[in-house]
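One structure coming up, written as structure tokens, with questions to follow.
The values are calculated or read from the model by the stated rules, or taken from the named source; none is laboratory data. Predicted model only: the values in this text are computed from it and were never measured. Please note: Cβ atoms are built from the backbone with ideal geometry, for glycine as well, and neighbour counts cover all protein chains shown.
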Amino acid sequence: MKTVPLGNTGMSINPLIFGTLPLGSLQANLSPAEGGALIRHAVEAGVTLLDTAELYGTYPHIREGLTGFSGEVFIASKTHAVTAADARSHVEKALQELKRERLDIVHIHGARVADPFTERPEVIEELLTMKQEGKVAHVGLSSHYIAAFRAAAGHPEIEVIHPLINRIGMGILDGSAAEMAETIASCAKNGKGVYAMKALAGGNLISEARASIRYVMQLPGVDGLALGMLSRDEIDANLILCSYGEADEETWKQLEKRRRKFMIIEKFCTGCGVCLDACTADALVLQNGVAQVKEQECILCGYCAAACPEFLIRVV
């Protein structure tokens with residue numbers, strides 16, 4: 001199966017990255033055995049990079065999927081920590097739960113962080129310290145802000161970026177798809193590995209999935225694309241499309257009929273508003289004392305679900 005260099009990291013990856021967010025409790029809530037079976041199918045088919053995060057709750061799924069697998073697989077995780085101590089705790093938890101001595105990439109996870117170098121400097125320093133300790137191979141940055149990547153372009157300590165990009169620019173917090181694409185190209189020219197996210201705008205572009213995936217994969221500087229996948233058919237079709245640009249018409253007609261939706265159990269919502277602060281797209285409002293979604297703005301990321309103290313939000 002095709003592989004490409006991930007910037008100057010020395011890693012060689014398949015262009016399709018398995019985004020594990022949908023497997024966990026924030027979305028489909030698959031068991032580790034169910035999610036692990038999908039991961040195992042993907043890595044046996046040729047996927048070489050798995051994307052996860054402290055918030056996703058999918059470390060057990062990854063561990064299950066990789067148990068007994070002897071091929072090379074890289075793991076990228078993310079920390080949303082705002083302090084050095086929490087960042088270290090997140091990395092060490094990942095290592096323990098994944099039964100690994102080192103994470104291949106750890107991103108500063110700041111969808112709403114426009115400049116991590118001024119907003120989270122101690123987190124960067126702690127990740128670099130853990131890199132010296134051998135616990136982290138490469139430090140990365142995950143954001144929905146163009147400004148964050150413009151800042152990162154000139155910082156050699158950030159070796160990988162994970163930007164939000166889709167052809168309608170949905171979810172980008174400070175500009176257009178064209179501006180994000182230009183910034184991605186600039187980062188790549190400076191040797192940074194680039195694997196993109198939200199090519200389908202969290203599911204809003206599923207009906208145009210092939211065109212949307214091709215748009216991102218053909219952008220200058222993009223090495224790969226993280227996609228959430230919940231079936232073997234999705235994995236197989238995305239692997240061929242991202243690797244070789246090929247798409248079976250009948251298979252994709254079925255895949256592009258899928259729909260995802262945002263769900264709030266309004267009956268039990270207390271109207272605390274915590275989910276509004278967590279929403280990266282300003283797509284939630286309080287109406288009549290309960291949280292409600294502006295569907296035209298929601299990117300179905302599930303971050304609000306992680307924030308809800310009553311566990312009343314799902315992306316399904």
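Consider ALA147 carefully, then state whether it is surrounded by 15 or more Cβ atoms within 10 Å (Cβ to Cβ), out of contact with any Cys (no Cβ under 9 Å at 6 or more places or on another chain) and in the same structural domain as ASN204 (by TED's automatic domain parsing).
Details: surrounded by 15 or more Cβ atoms within 10 Å (Cβ to Cβ): yes; out of contact with any Cys (no Cβ under 9 Å at 6 or more places or on another chain): yes; in the same structural domain as ASN204 (by TED's automatic domain parsing): yes.
So ALA147 passes the test.
Which one of ILE105, ILE75, ILE124 is under 27 Å from ARG314 (Cα atoms), modelled with pLDDT of 95 or more and among the hydrophobic types (A, V, I, L, M, F, W, C)?
Numbers: ILE105 fails: under 27 Å from ARG314 (Cα atoms); ILE124 fails: under 27 Å from ARG314 (Cα atoms).
Testing whether each residue is under 27 Å from ARG314 (Cα atoms), modelled with pLDDT of 95 or more and among the hydrophobic types (A, V, I, L, M, F, W, C) leaves just ILE75.
Taking only region 24-37 into account, find how many residues are closer than 17 Å to GLU234 by Cβ and in contact with a strand residue (DSSP E or B) (Cβ under 8 Å, 6 or more places away or on another chain). If you could, list the steps in order and put the result at the bottom.
Narrowing region 24-37 to residues closer than 17 Å to GLU234 by Cβ: 24, 27-28, 30, 34-37.
Now narrow it down to the ones that are in contact with a strand residue (DSSP E or B) (Cβ under 8 Å, 6 or more places away or on another chain): 27.
The number of residues fulfilling the criteria is 1.
Right, something else. Name the residue, out of ARG63, ARG102, ARG88, ARG150, that is free of Cβ contacts under 8 Å to residues at least 60 places away in the same chain, among the charged types (D, E, K, R) and within 18 Å of LYS192 (Cβ to Cβ). Working first, answer last.
Working: ARG63 fails: within 18 Å of LYS192 (Cβ to Cβ); ARG102 fails: within 18 Å of LYS192 (Cβ to Cβ); ARG88 fails: within 18 Å of LYS192 (Cβ to Cβ).
After ruling out the rest, the residue left standing is ARG150.
Still on this structure, please answer the following. Given (1) touching a helix residue (DSSP H, G or I) at 6+ places or on another chain (Cβ under 9 Å); (2) assigned to a helix (DSSP H, G or I); (3) under 22 Å from PRO156 (Cα atoms), identify the lone condition not met by VAL194.
The one condition VAL194 does not meet is (2).
Restricting the search to region 200-228, which residues are closer than 18 Å to ILE240 by Cβ, hydrophobic (A, V, I, L, M, F, W, C), at pLDDT below 95 and crowded, with 22+ Cβ neighbours inside 10 Å?
Once the filter is applied, which keeps residues that are closer than 18 Å to ILE240 by Cβ, hydrophobic (A, V, I, L, M, F, W, C), at pLDDT below 95 and crowded, with 22+ Cβ neighbours inside 10 Å, region 200-228 yields LEU200, ALA209.
When you look at ASN190, is it buried (at least 19 other Cβ atoms within 10 Å of the Cβ) and in the same structural domain as VAL160 (by TED's automatic domain parsing), yes or no? Spell out how you get there, then give the answer.
Values: buried (at least 19 other Cβ atoms within 10 Å of the Cβ): no; in the same structural domain as VAL160 (by TED's automatic domain parsing): yes.
No; evaluated as a whole, the condition is false for this residue.
Based on what the data block shows, is PRO22 modelled with pLDDT of 95 or more and assigned by TED's automatic domain parsing to the domain that holds GLY224? Don't jump to the end; show me each part of the working.
Values: modelled with pLDDT of 95 or more: no; assigned by TED's automatic domain parsing to the domain that holds GLY224: yes.
Against the criterion (modelled with pLDDT of 95 or more and assigned by TED's automatic domain parsing to the domain that holds GLY224), PRO22 does not qualify.
Would you pick out the residues in region 239-252 that are closer than 25 Å to GLU182 by Cα, of a type outside the set (Ser, Thr, Tyr) and buried (at least 17 other Cβ atoms within 10 Å of the Cβ)? Don't jump to the end; show me each part of the working.
Initial filter on region 239-252 (closer than 25 Å to GLU182 by Cα): 241-245.
Now drop any that are not of a type outside the set (Ser, Thr, Tyr), which leaves 241-242, 245.
The answer is LEU241, CYS242.
Any residue at all in region 243-264 that's of a type outside the set (Asp, Glu) and farther than 27 Å from MET217 by Cβ? Give the derivation first.
Step one: list which residues in region 243-264 are of a type outside the set (Asp, Glu), which gives 243-245, 247, 251-255, 257-264.
Next, from what is left, pick out any that are farther than 27 Å from MET217 by Cβ: 263-264.
Yes, because at least one residue in region 243-264 is of a type outside the set (Asp, Glu) and farther than 27 Å from MET217 by Cβ.
Still on this model: Count, please, the residues in region 155-177 that happen to be among the small types (Gly, Ala, Ser) and under 14 Å from the mean Cα position of the chain (by Cα). So that I can check it myself, show each step before the final result.
Of all residues in region 155-177, those among the small types (Gly, Ala, Ser) come to 169, 171, 175-177.
Those still in the list that are under 14 Å from the mean Cα position of the chain (by Cα) too: 171.
Qualifying residue count, region 155-177: 1.
Please go through region 1-15 and give me each residue that is small (Gly, Ala, Ser) and in contact with a strand residue (DSSP E or B) (Cβ under 7 Å, 6 or more places away or on another chain), ordered by number.
Result: GLY7, SER12.
Conditions (1) over 17 Å from SER186 (Cβ atoms); (2) modelled with pLDDT of 95 or more; (3) out of contact with any strand residue (DSSP E or B) (no Cβ under 9 Å at 6 or more places or on another chain), marked per residue:
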| residue | (1), (2), (3) |
| --- | --- |
| GLU133 | yes, yes, yes |
| HIS138 | yes, yes, no |
| SER142 | yes, yes, no |
| ALA147 | no, yes, yes |
| ILE158 | no, yes, no |
| MET170 | yes, no, no |
